[in-house]
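Report on the following structure.
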Amino acid sequence: MSYLPGRHFVQLPGPTNVPERILRAISRPTIDHRGPEFGRLGLEVLDGMKDIFKTKSKVVIYPSSGSGAWEGALTNTLSPGDKVLMFEVGQFAALWIDVARKLGLDVEVVPTDWRHGADPKIVEAKLTEDHQHKIKAVGIVQNETSSGVMSSISAVRQAMDRANHPALLLVDAISSLGCIEMKHDEWGVDVTVAGSQKGLMLPPGLGLNAISEKALAASKTAKLPRSYWDWQPMLAQNATGYFPYTPATNLLYGLKEAQAMLREEGLPNVFRRHQRHGEATRRAVKAWGLEVVALNPHEFSNSVTAIFMPAGHSADGFRKLVLEHFNMALGSGLGKLADRVFRIGHLADFNDLMLAGTLGGVEMGLDLAGVPHKKGGVAAALDYLTESLKVAELKPV
Ligand SMILES: *Cc1c(COP(=O)(O)O)cnc(C)c1O
């Protein structure tokens with residue numbers, strides 16, 4: 001492929017565009033991870049995550065992808081053969097279910113059509129009928145990145161409370177943390193799983209667990225084999241800012257910068273920014289006459305929009321054309337949505353003009369690919385973005 005000039009648009013729902021400030025922070029020389037400077041950095045970034053997870057409890061940071069942090073959440077809290085209730089809301093949920101099965105857990109899967117989130121009424125019913133408390137954990141993907149469908153974690157927590165059931169609540173917030181509200185403590189989440197390369201604006205390579213006191217207590221008796229993922233040696237070393245093995249030092253420089261950026265903007269503003277970009281994207285899709293995968297407006301994701309290609313047209317062919325002509329990477333359809341869906345990531349370090357460019361590339365690509373659609377998606381999105389700035393509470397601060 002010949003040189004593609006200009007900025008490469010990474011409009012995947014992860015990895016996301018890494019801002020210059022973070023790239024520069026990461027480019028510093030690697031330091032001794034047993035030396036005094038590292039200890040200060042370790043304490044600072046571990047503490048900084050608490051504001052983002054909204055927890056006063058413990059956070060661990062693995063040098064891993066998000067999938068590693070899935071494994072950490074399961075192996076630290078559960079024992080072989082334990083029953084776990086999980087909702088297959090899309091491809092990432094399906095992969096997490098697969099991890100749980102491979103680890104020897106007895107997974108009860110609630111299937112969905114991949115167009116709806118986890119139904120709290122089903123959570124309540126399944127837990128209420130589990131008189132013997134065989135279900136040890138409920139696993140929910142907050143923002144299903146393959147379909148752009150959100151599940152309400154607070155509603156799931158309320159359903160668990162109504163059933164008066166002691167199961168742990170494990171939440172995958174990999175593509176929602178730093179984009180969409182997550183309140184680890186207030187919502188009674190026991191383990192929140194996250195990764196570096198989505199809302200945290202970093203390159204791939206960090207996996208995170210936020211851990212409740214209840215999950216910490218469960219880890220004392222949980223029997224699944226674990227070594228690399230074991231919280232105990234990690235927490236023991238983290239107390240002074242160190243790690244039991246070599247940490248991803250340079251990514252932690254980046255994480256410190258990401259935390260500073262989120263603090264400067266303010267999380268409520270970050271969430272509002274994602275809401276605006278999600279809504280603007282959906283207005284563009286509607287104007288094009290195309291269809292988003294998510295069916296319930298209250299479950300629309302504000303970090304990613306998955307869009308169906310009209311029958312007879314290849315989503316992957318369309319993505320290839322957009323990459324070659326406009327130097328923009330769009331997300332592919334995953335699992336059973338392969339080649340039927342393309343996804344626009346509108347998360348992390350992102351602003352109105354980047355969205356305008358992104359939607360412009362999609363609209364031009366639809367035309368070039370001969371996909372039946374109406375013009376005016378970009379215009380509809382820009383109208384919304386402008387109008388929403390006139391509403392007082394949406395003004396940037
Ligand atoms: C990206 C993603 C994952 C997988 O993370 P990796 O870093 O690729 O291991 C899991 N769950 C969700 C919701 C994701 O968006």
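The values are calculated or read from the model by the stated rules, or taken from the named source; none is laboratory data. Predicted model only: the values in this text are computed from it and were never measured. Positions of Cβ are generated from backbone atoms using ideal geometry, with glycine treated the same way; all protein chains shown enter the neighbour counts.
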Problem - Residue among 79, 57, 67 that alone is in contact (Cβ under 8 Å) with a residue 60 or more places away in the chain and under 16 Å from the mean Cα position of the chain (by Cα) - result: 67
Handout entry: Residue, surrounded by the most Cβ atoms within 10 Å (Cβ to Cβ), within the stretch 117-145, restricted to residues that are farther than 21 Å from residue 212 by Cβ and within 16 Å of the ligand (Cβ to nearest atom)
Key = 144
Completion exercise
Among the residues of the stretch 262-296, the number that are over 14 Å from residue 382 (Cβ atoms) and of a type in the set (Gly, Ala, Ser) is 4
Practice task
Kindly check whether there is at least one residue in the stretch 296-308 that is assigned to a helix (DSSP H, G or I), touching a helix residue (DSSP H, G or I) at 6+ places or on another chain (Cβ under 9 Å) and crowded, with 20+ Cβ neighbours inside 10 Å.
Solution key: no
Fill in the blank from the handout: Per the filter on the stretch 107-151, residues outside any strand (DSSP E or B), under 30 Å from residue 315 (Cα atoms) and over 14 Å from the mean Cα position of the chain (by Cα) are 112, 113, 114, 115, 116, 117, 118, 119
Exercise for the section: Would you check if residue 315 is hydrophobic (A, V, I, L, M, F, W, C), modelled with pLDDT of 95 or more and surrounded by fewer than 21 Cβ atoms within 10 Å (Cβ to Cβ)? Expected result: no
Handout entry: Whichever residue in the stretch 83-99 is out of contact with any Pro (no Cβ under 9 Å at 6 or more places or on another chain) and closer than 23 Å to residue 131 by Cα and, among such residues, is nearest to the ligand (Cβ to nearest atom)
Key = 86
Exercise for the section: Would you please name the residue that is nearest to the ligand (Cβ to nearest atom), looking only at residues in the stretch 38-71 that are acidic (Asp, Glu) and surrounded by fewer than 19 Cβ atoms within 10 Å (Cβ to Cβ)? Expected result: 51
Problem - Residue identified as buried (at least 24 other Cβ atoms within 10 Å of the Cβ), away from the ligand (no atom under 15 Å from the Cβ) and over 14 Å from the mean Cα position of the chain (by Cα) among 161, 185, 190 - result: 190
Completion exercise
Of (1) of a type outside the set (Phe, Trp, Tyr); (2) surrounded by fewer than 15 Cβ atoms within 10 Å (Cβ to Cβ); (3) part of a loop (DSSP other than H, G, I, E, B), residue 232 satisfies every one except (3)
Exercise for the section: Among the residues of the stretch 358-381, count how many are surrounded by 17 or more Cβ atoms within 10 Å (Cβ to Cβ) and touching a residue at least 40 places away in the same chain (Cβ under 8 Å). Expected result: 14
